[in-house]
Every structure is written in C-alpha cells, then in structure tokens.
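Please read the structure below before turning to the comments.
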Amino acid sequence: MKNILITGGAGFIGSHVIRLFVNKYPNYKIVNLDALTYAGNLENLKDIDQASNYVFEKINILDADALKTVFAKHNITDVIHLAAESHVDRSILSPLDFVYTNIVGTVNLLNTAKEFWKEDLTKHLFYHVSTDEVYGALGETGLFTETTSYSPNSPYSASKAASDHFVRAYAETYHLQTVISNCSNNYGPFHFPEKLIPLFINNIINKKPLPVYGDGLYTRDWLFVKDHALAIDLVFHNGKLNDTYNIGGFNEWKNIDLVKLLCQQMDEKLGRSTGESEQLITYIKDRPGHDRRYAIDATKINTELGWKPTVTFEQGLAQTIDWYLKNTEWLNNVTSGNYAKYYEAMYS
Ligand code: NAD
Ligand code: TYD
C-alpha cells in the first residue's frame, strides 16, 4: 500500500504517469498535485478522474504550508515529482518563473518530504523527473551517459540542473532516499502546442506557417510519452536508491527531417496533395543559446531494469497525429485564451 504524491499530474507527461499508475495499481492512492498553470489541464485526465484511488489537489509547490497539509491529509509515502515550468522559449522570456517553480518549488517539496518522513526515511522514496537538457549540447557524435558532466545552456535547463543537484544534496546530507531520471524529448497525446511536434500539427491543420528555427539542422532524440511513463514506473519500483537513469528513444532526428515526415504523414491523413504541407515550412530567426544536438545512451536502464521503447517513431507519430485529429475540441480549448498572446509574442 502506497500513497503516492505525483506533482504536475495535469501536464503532458504527468497525465500519462497518473493514468498508468491509477489503472495499474488499484491498491495505491494516487494524489495529483498541480497548480494548473497554462500547461496544466484536468481534461487530460477525464477518463480516470472518477477512479476511487485518485485524488486531485490544486496546489502550488511554492506554497510550503499547503504541501505540509497535503502530506498529512493523504499520509504521503512517496513522491514522483514532475511539476515544472518546461518550455525553453518561455524560460528565455521569463527566467525567474523557472527559478521559482523548478528550484524553489523542488526544495520546498524536498523539505516537506524530509520533515514528514523523518521518523523512518528508509521507508520512502523521492523520485525526481528531469531532462537530458542538463547535460548541454553534443557535437556531431557522442551520447549523454549518466556520468556526463552537467553543462546547461538555457534558463530552463539551468533550473532543472539546479533542482537535480538539490535532490542529490538531500540524499547525501539528510539521507533522503531519492532517484533521478533524465529523459530526452517526449511526444504524444496531450502535448501542449508550444513544443515542436504539437505546435506544427496544429499549424498544419490550420494551414499556418511552420516556424523552423535557424538552419533546421538541430537534432533531438524523440521518445513516445507512454514509453517514458513505463520507464518511470520501472525506475520508481526497481531503480537503485540515490542513483540516476538516462531515458531516451534511440531515435535521433534533425528537426527539418522530422518536420518533413510530419508533413508527409499529415498530408496523407488529411487527404491533401503530396508536398502541400511542406510548403508551409518557414525558416525563422534562431533560438538564442540553441543546443545543437541531444542524444541519450539508455544502456543502463535497458540492462539494469529491462526497459526499452515499445513503439517505433513512425508508429508513435502516427498515433499522435491521429489523436490530435480526433481531439479537435481539446486542441481548440488549449489554443483559445492566452495562447494567442504567447504565439504573437514568440512568432510575430
Ligand atoms: P508540462 O509543462 O506539460 O506540465 C507541467 C505541469 O506542472 C503542469 O500541469 C503545470 O500546471 C504544473 N506546474 C507548473 N508549475 C507548478 C507549480 N509551481 N506548482 C504545481 N504545479 C505546477 O511539462 P511536461 O512536459 O509534462 O514535463 C513534466 C516534467 O518532465 C518536467 O519536470 C520536465 O522538466 C520533465 N521532462 C520533460 C520532457 C519533455 O519532453 N516534455 C523531457 C524530459 C523531462
Ligand atoms: P522543443 O519542442 O521546444 O523542445 P526542446 O527545445 O526542449 O528540445 O523544440 C524541439 C526542437 O525544435 C528544438 O531544436 C527547437 C526546435 N523548434 C523550432 O524549430 N521551431 C519551433 O517553433 C519550436 C517550438 C521548436
């Protein structure tokens, strides 16, 4: 019996983790703690929100008193921490938001857990979900391993790197039991259309320009979000204490090649003529501090925990496009209101 606090559960990856745990572990109580920022959306959890082992708490991780109350109310035994400001471009516009949520918020959560579990820290786990972006940029070759030095280049990755260091420090200093995973770029259903793949799907549907930064030759290692959730399940249950696991898709794509594949698949699904969507590609000014290449060596999680991706990129991308084409109401809801203002500020 566990009472697991999952933070950021109304966001993209968090909602998939919540769904997996609620369905797979009926004996666990799953407490979803989320502030419902622009990125948090309870519609992402409509299919499971009536489950008897699921509870939602609208709380900001900056509110230390509220965290204390929630730990006591639900007798929290473990934490899976995903709540974060997560978009690099927003971190360039507004770095302090990232310092507050990603660093101060994580330290608040660590303090609350340490204090609430102090009678026997050995019975509890604090799992921190992080990103491969903490390692900085790769050149043409090489892969990030768990021992690659941290070298973050954006305010987002700097704030995530700091949060990883705090988690490590709490394990060393206070003997809090922790684990960290650093994952590559995710894609899939419920992805907010500010990130490359859902933004471009939405723009292709609406025949709007596809804004490719710089020369388009930046490389990312893409992983289907449900495979990330499965990895989180394994790391949570079987990961070595106070250790780190890299999670990746073994799936590197240059942005422009990915965008062309997306255009082809969407032309087919929308019944448009071949090459129609590619005409929307528009090269625009580069993102400052843009990391050239990310790629993960996921050997450790594969050999120690037996994890590997279950779908190919072509399958995952097709499932993702189908989901967006079916869920136009979701897409219209998240792109109404402030989204237009953000879009204007970023791309006008
Ligand atoms: P997301 O932006 O979709 O969701 C973040 C969630 O956190 C939202 O529901 C939001 O409401 C909530 N949140 C934000 N600030 C909060 C606060 N102060 N208090 C409480 N809740 C708050 O993010 P995501 O893409 O699902 O990423 C989840 C985690 O995984 C993040 O920690 C991110 O760094 C990490 N990660 C993401 C990726 C990726 O490709 N998206 C890859 C590797 C790691
Ligand atoms: P993104 O989805 O923001 O993820 P991250 O920056 O965390 O890797 O971007 C993925 C890649 O796509 C990255 O190289 C930046 C690029 N990109 C564009 O070319 N145009 C865009 O409008 C966006 C959002 C991203």
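The values are calculated or read from the model by the stated rules, or taken from the named source; none is laboratory data. Note that the structure is a prediction, hence the values are computed from the model and not measured. Here the Cβ is made from the backbone with ideal geometry for all residues, glycine too, and neighbour counts use every protein chain on show. Just the protein is used for accessible areas: all its heavy atoms, side chains included, with ligands, DNA and RNA removed. Shrake-Rupley method; radii C 1.70, N 1.55, O 1.52, S 1.80 Å.
If you sort K226, K208, K118 by accessible surface, 1.4 Å probe, largest first, the order is K118, K226, K208.
How do L20, L125, L143 stack up against each other in accessible area, from largest to smallest, with a 1.4 angstrom probe? The partial results should precede the final answer.
Values: L20 40, L125 15, L143 85 Å².
So, going from the largest accessible area down, we get L143, L20, L125.
For the chain, the longest principal axis of the Cα atoms and the long axis of helix 106-116 meet at an angle of about 30 degrees.
Only residues of the stretch 7-22 count here: report those whose backbone N is under 14 Å from the spot 7 Å along Cα→Cβ of D47, or say none. Residues passing the 14 Å test: 15-22. Residues whose amide H lies under 5 Å from that of R293, counting only those 5 or more places away or on a different chain, are L138, T219; hydrogens are built 1.01 Å from N in the peptide plane.
Applying the Karplus relation 6.51 cos²θ - 1.76 cosθ + 1.60 with θ = phi - 60° to the stretch 45-51 yields 3J(HN,Hα) values of 10, 3, 6, 10, 6, 9, 5 Hz, where x marks Gly and Pro.
By accessible area of protein heavy atoms, probe 1.4 Å, what ranking do M266, M1 get, highest first?
The ordering from most to least exposed comes out as M1, M266.
How would the stretch 236-348 be classified by its alpha-carbon gyration tensor: rounded, prolate or oblate, with rounded meaning a/c under 1.5 and the a/b versus b/c comparison settling the rest? Don't skip to the answer; put the middle values down first.
On the way: a/c = 1.80, a/b = 1.61, b/c = 1.12.
Cα axes put the stretch 236-348 in the prolate bin.
Axis angle, to the nearest 10 degrees, between helix 255-270 and the longest C-alpha principal axis of the chain: 70 degrees. Accessible surface calculations at 1.4 Å, restricted to protein heavy atoms, place the chain at 42 Å² per residue. Counting each DSSP H run of 4 or more residues in the chain as -39500 (n - 2.57), what helix-only mean residue ellipticity at 222 nm follows after dividing by all residues, to the nearest 500 deg cm²/dmol? So the helix-based figure for the chain works out to -12500 deg cm²/dmol. Note on N327 and E304: their simple-model spin labels are 3.2 nm apart, each label 7 Å out from Cα toward Cβ. Going 7 Å from the Cα of L93 in the Cα-to-Cβ direction, what parts of the stretch 3-40 have a backbone nitrogen less than 16 Å from that spot? The answer is 37-40, whose backbone nitrogens lie closer than 16 Å to the label point.
Would you please state which residues of the stretch 243-267 a label at H290 would reach in this model, taking the label point 7 Å out along Cα→Cβ and a backbone N cut-off of under 11 Å? Taking a point 7 Å out along Cα→Cβ of H290, the residues of the stretch 243-267 whose backbone N falls under 11 Å are 255-256. What does the charge add up to near G188, with Lys and Arg as +1, Asp and Glu as -1, over the other residues with Cβ less than 12 Å from its Cβ? The answer is +1.
What is the extension gain from Y100 to T173, computed as 0.36 nm multiplied by their sequence separation minus the C-alpha to C-alpha distance, in nm to one decimal? Here the segment from Y100 to T173 would lengthen by 24.0 nm.
Please check the chain for the longest run free of GluC sites (Glu not before Pro) that are loop-located per DSSP (anything but H, G, I, E, B) and have at most 13 other Cβ atoms within 10 Å. It works out to 141-348.
Coupling constants for the stretch 235-244 follow from the phi torsions by the Karplus curve (6.51 cos²θ - 1.76 cosθ + 1.60, θ = phi - 60°), and in residue order they are 5, 4, 8, 10, x, 6, 4, 6, 10, 10 Hz; glycine and proline get x. The chymotrypsin sites (Phe, Trp or Tyr not before Pro) of the stretch 142-240 include none that meets both conditions, a loop assignment by DSSP and at most 13 other Cβ atoms within 10 Å of the site Cβ. The stretch 290-313 and the stretch 186-245 have Cα centres separated by 13 Å. Here the chain has 51 percent of its accessible surface on carbon and sulfur atoms, given a 1.4 Å probe and all protein chains in place.
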